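What follows is one structure encoded as structure tokens, with my remarks underneath.
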Amino acid sequence: MTILDVKSDFPILDQTINGHQLVYLDSAATAQKPQVVIDAVNDYYKFDNANVHRGVHTLGQRATDAYEGARETVTKFINAKQSKEIIFTRGTTESINIVARSYGDAFITAGDEIVLTEMEHHSNLIPWQQVAKRTGATLKFIPLEADGTMTMTAVKQTVTEKTKLVAITHVSNVLGTINPIKDITAHAHDMGAVVVVDGAQAVPHMAVDVQDLDCDFYAFSGHKMGAPTGIGVLYGKEKLLNQMDPVDYGGEMIDFVSLTDATWKELPWKFEGGTPIIAGAVGLASAIGYLQSIGFDKITAHEQALTDYAIKELKKIDGIDIYGPDKRCGLVTFNLTDVHPHDTATVLDSFGVAVRAGHHCCQPLMKWLKVTATARASFYVYNTFEDVDLFIDGLKQAKEFFGDVF
Ligand code: PMP
């Protein structure tokens, strides 16, 4: 049963690769862009481009309206209380680094504990390693069950009164695990800790409500949801953002400047030093509009159906390891026995099927899985059941090919 039929909205997908129709199954790395987003960015540059905030001329006003309008769109999209809680960044990585450098360095001290999980992307691990090194805090990790989920018992054993901050991914980019952020946040708050959520793999695929989750910070990237690269979001509760110092100093973020000192603008601009990512924000607002016009209930159901179908078909192949829990977001990570995932991905590419192979920026999780690398197929709104069939056919050929070789 096809739930969505939107492939024709994405011009890049209408091409052949190595003589085969392109099947793009690498959206967890970056998603393709619908024509409306390409047009929105194009039109911005064609008709409205100017620098924002200071310009009194008409183009400057239009650019400012577009940029600040995008902030309003994001505010409603994740149900933030107010637009001053939305900071535009380059992406999830920059968003988390802002929290680590600004909040982490100021409010975490020696002896405090920072709690993470073993499934974190390097972007939500290394910034906290650095905070721990700078402050003398200790890193602790919520242990995972065999299927790559975590229990609230494990959360409660790890997040204690010593915990100052919990940094956790909403959805794992390797296992597809959907973590119980609301429950984790409630417990962390009971312990007096703040919660930073890496939403890079959640926001593109499911409705996210930051007030409902009650997390303190939430980070995501536009490029994984149909927007251009180079635009992302840091959501933070006003009270916390107000206590934090800027990270980037320079133009745009200042109020009064003398030769020896300066004061900052109010939120959110104090965190947006330099000319902002105006066209990126325009593209992000357009991508949000596009996804909302489809509806997140349909998007989630469509991806769920594709993932379930892919897993069912993969399980029919002998000698395949599939990683992650039954209930998961739209991706499947796997290995063919005795075949390096790079070889699997190379053979699939020869059939026009794009999947990712490697450690997926999760080297500690690879260690936990006891592998050096995996292959990963990830689904988005434009994928179809036929895409899954072509992927499975390609895999069977890869298996045959390497079966002959070994
Ligand atoms: N966290 C997760 C879970 C991710 O999947 C990614 C992107 N692979 C990131 C963080 C980093 O996102 P970006 O590279 O857009 O900053």
Heavy-atom accessible area per residue of the chain, all protein chains kept, 1.4 Å probe, expressed in Å², is 42
Computed over the chain: longest principal axis from alpha-carbon atoms vs helix 296-315 long axis, angle to nearest 10 degrees, is 30
The farthest towards the positive end of the charge dipole of the chain, of the residues Q201, M119, F379, given +1 on Cβ of Lys and Arg and -1 on Cβ of Asp and Glu, is M119
Among C361, C215, what's the order by accessible area (1.4 angstrom probe), most exposed first? C361, C215
So which trypsin sites (Lys or Arg not before Pro) in the stretch 31-67 end up in coil per DSSP with only 14 or fewer other C-beta atoms within 10 Å? R54
Using the Cβ atoms and a cut-off under 13 Å, what net charge is assigned to the surroundings of T263, where Lys and Arg are +1 and Asp and Glu are -1? -2
Modelled label-to-label distance, S350 and Q21, 7 Å Cα→beta-carbon offset: nm? 2.2
Relative to the longest principal axis of the C-alpha atoms of the chain, give the angle of the C-alpha long axis of helix 126-135, reported between 0 and 90° and rounded to the nearest 10°. 40
In terms of the Cα gyration tensor, with a ≥ b ≥ c the square roots of its eigenvalues, is the chain rounded because a/c is under 1.5, prolate because a/b exceeds b/c, or oblate? oblate
Leaving out ligands, DNA and RNA, and with a 1.4 Å probe, what % of the accessible surface on the chain is carbon or sulfur? 52
Holding the Cα-Cα limit at 22 Å, pick out from K367/K396; K140/K164; K182/K370; K182/K270; K76/K182; K76/K237 the pairs that are longer than that. K367/K396; K182/K370; K182/K270
Value at 222 nm in deg cm²/dmol, rounded to 500, when DSSP H runs of n ≥ 4 in the chain each add -39,500 (n - 2.57): -11000 deg cm²/dmol
FRET efficiency (H342, D261; Cβ distance; R0 45 Å; to 0.05) is 0.25
Using the Cα centre of the stretch 240-384 as origin and beta-carbon charges of +1 (Lys, Arg) and -1 (Asp, Glu), tell me which of T263, A281, F296 is placed farthest towards the positive end of the dipole. F296
Treat every Asp and Glu Cβ in the stretch 192-324 as -1 and every Lys and Arg Cβ as +1, leave all other atoms uncharged, and give the resulting dipole magnitude about the Cα centre to the nearest 20 debye. 380
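The values are calculated or read from the model by the stated rules, or taken from the named source; none is laboratory data. Quantities reported herein were computed from a predicted structural model and do not represent experimental measurements. When we count neighbours, we look across all protein chains shown, and the Cβ atoms used for this are built from the backbone with ideal geometry, even at glycine. Protein only, heavy atoms only, side chains kept; ligands, DNA and RNA dropped before computing areas. Shrake-Rupley method; radii C 1.70, N 1.55, O 1.52, S 1.80 Å.
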